[in-house]
Amino acid sequence: MSRENIKYTDEELIARFQKGDERAYVELVRRYKDRLLNFVFRYLNSYEQAEDVVQDTLMKLYTSAHMYREIAKFSTWIFTIAANLAKSELRRLKRRRVISIHNMGFDDKEYEIPSESYDPEKETTSAYGEKQIQQAIDTLPDQFKTVILLREVQQLSYEEISQILGVSIGTVKSRINRGRLRLQKLLKELKEQ
Amino acid sequence: MDCYSFEKIISDYIESNLNVKERQEANEHIAHCKRCREKLADMINILSAMKTLPCCQTRSDFESRLMARVDRYRQQKEHPFVHILHHYSRAISAAAAVLLIAATSLFVYTSVSVPAESATLPAAEFRGAGGNGSGLPAAVLNSAPSFANTKAEASQPDTSGAENPDYQRRIKMVNE
Ligand SMILES: [Zn+2]
């Protein structure tokens, strides 16, 4: 089944699924589950919640496949759903983190500390470790965070990102540049701490 | 070109999106500006570190959990009435339990309340009156274990996700 599906593009698979072929759905799930997880995990910095968001995204694919129109690439459509769900989840998590930090008697400011899901053994060997980078990502304002992750982690094109976010390519380019500079500044601050 | 202008095109510089003239101006700037040269090298470092961040994978049961949710969704769509019953199964079992307790109490009460002093019977004696089976009909006694089962079933944590209020809320948020 999987082998014969290699010849189908994502767009052909969603078209088949729209006509009722459930195997096409399974194939799309297999193609996208880990890719989506990587994006959402970096966005939320929590594996459990990220996996839930990916489940919801793929569930949404099942229930709303009829909403997809071939004018967009399938990948941009599914990333749009994931980005929206991740955004709502982050808002919910932040509220919850603030509440739990309050209960522990810390300052509000400290709720951005990396969550319990971080595994220090995974640290990369480059000049910047995974921990530092994740910490900087967590602190990026949302308008930069999404573009930066879609560009640097998912390596999507400016055009794809512009479709996902529903903003012009010019806006995407400017946000990516400003987001990178902001990230660099945050990493510098983290290094100096 | 000054430092501010270089910052504005640093991404285009890295991604080779500048025309010949712009690129030349940028090169001239970094040739004599140590700060921007370092900034550029550092930025390239950060971006390459981001590209090589460790990837994570969904757990091995991810697909089976998802497909179970899909199945539930399909059943719900095909048999909405059955789904409603399933959805309110807790309420239904709770109502049944309340009814059963009420019926049992009434039965025990009527069977021991013949003498006037029975109203002040100590608990142990009260229990004894029904516990030996003499005061309660077999039907009520027999239904007791099944009542326990119903309760246990109803109080099991819901691992499905479809009935999870969080999930419902998230889906609702997307729909909005
Ligand atoms: Zn300079």
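See the values below:
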read-out: Scan of the range B:28-44 for residues that are open to solvent by 30 Å² or more (accessible area, probe 1.4 Å) and more than 12 Å from the ligand (Cβ to nearest atom), ordered by number; value: B:Ala41, B:Asp42, B:Ile44
read-out: From the options A:Ala83, A:Ala15, A:Ala72, residue that is open to solvent by less than 60 Å² (accessible area, probe 1.4 Å) and not in a helix (DSSP H, G or I); value: A:Ala72
read-out: Residue in the range B:65-83 that is in contact with a Cys (Cβ under 9 Å, 6 or more places away or on another chain) and under 30 Å from A:Arg42 (Cβ atoms) present; value: no
read-out: Selection status of B:Ser60, more than 11 Å from the ligand (Cβ to nearest atom), within 21 Å of A:Leu36 (Cβ to Cβ) and not aliphatic (A, V, I, L, M); value: yes
read-out: Lone unmet requirement of (1) more than 16 Å from the ligand (Cβ to nearest atom); (2) free of Cβ contacts under 8 Å to residues at least 24 places away in the same chain for B:Ile9; value: (1)
read-out: Any chance A:Leu181 is over 20 Å from A:Ser75 (Cα atoms), at the interface with another protein chain (Cβ under 10 Å from one of its Cβ atoms) and not basic (Lys, Arg); value: yes
read-out: Filtered residues of the range A:42-57 (kept if buried (at least 19 other Cβ atoms within 10 Å of the Cβ), in a helix (DSSP H, G or I) and touching a residue at least 12 places away in the same chain (Cβ under 8 Å)); value: A:Arg42, A:Tyr43, A:Leu44, A:Tyr47, A:Gln49, A:Ala50, A:Glu51, A:Asp52, A:Val53, A:Val54, A:Asp56, A:Thr57
read-out: Answer from B:Leu66, B:Leu85, B:Leu47, B:Leu53 - the residue that is more than 16 Å from the ligand (Cβ to nearest atom) and farther than 30 Å from A:Ile148 by Cβ; value: B:Leu85
read-out: Filtered residues of the range A:52-65 (kept if over 12 Å from A:Val29 (Cα atoms) and either more than 9 Å from chain B (Cβ to nearest Cβ) or in contact with an Asp or Glu (Cβ under 8 Å, 6 or more places away or on another chain) (or both)); value: A:Asp52, A:Val53, A:Ala65
read-out: Residue match in the range B:123-138 (condition: in a helix (DSSP H, G or I), in contact with a Lys or Arg (Cβ under 8 Å, 6 or more places away or on another chain) and at pLDDT below 85); value: no
read-out: Subset of the range A:138-181 that is assigned to a loop (DSSP other than H, G, I, E, B) and among the hydrophobic types (A, V, I, L, M, F, W, C) - its residue that is surrounded by the fewest Cβ atoms within 10 Å (Cβ to Cβ); value: A:Val167
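So that you can scan it fast, the table gives a plain yes or no per residue for (1) farther than 29 Å from A:Asp138 by Cβ; (2) more than 9 Å from every other protein chain (Cβ to nearest Cβ); (3) under 15 Å from the mean Cα position of the chain (by Cα):
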{"residue": "A:Tyr47", "(1), (2), (3)": "no, no, yes"}
{"residue": "A:Ala50", "(1), (2), (3)": "no, no, yes"}
{"residue": "A:Ala83", "(1), (2), (3)": "no, yes, yes"}
{"residue": "A:Arg92", "(1), (2), (3)": "no, no, no"}
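The values are calculated or read from the model by the stated rules, or taken from the named source; none is laboratory data. Note that the coordinates shown come from a computational prediction; the quantities given were computed from them, not determined experimentally. Methodologically, a virtual Cβ is constructed for each residue, glycine included, from the backbone with ideal geometry; neighbour enumeration extends over all protein chains shown. Areas reflect the complete protein model, heavy atoms only, side chains present, ligands, DNA and RNA absent. Shrake-Rupley method; radii C 1.70, N 1.55, O 1.52, S 1.80 Å.
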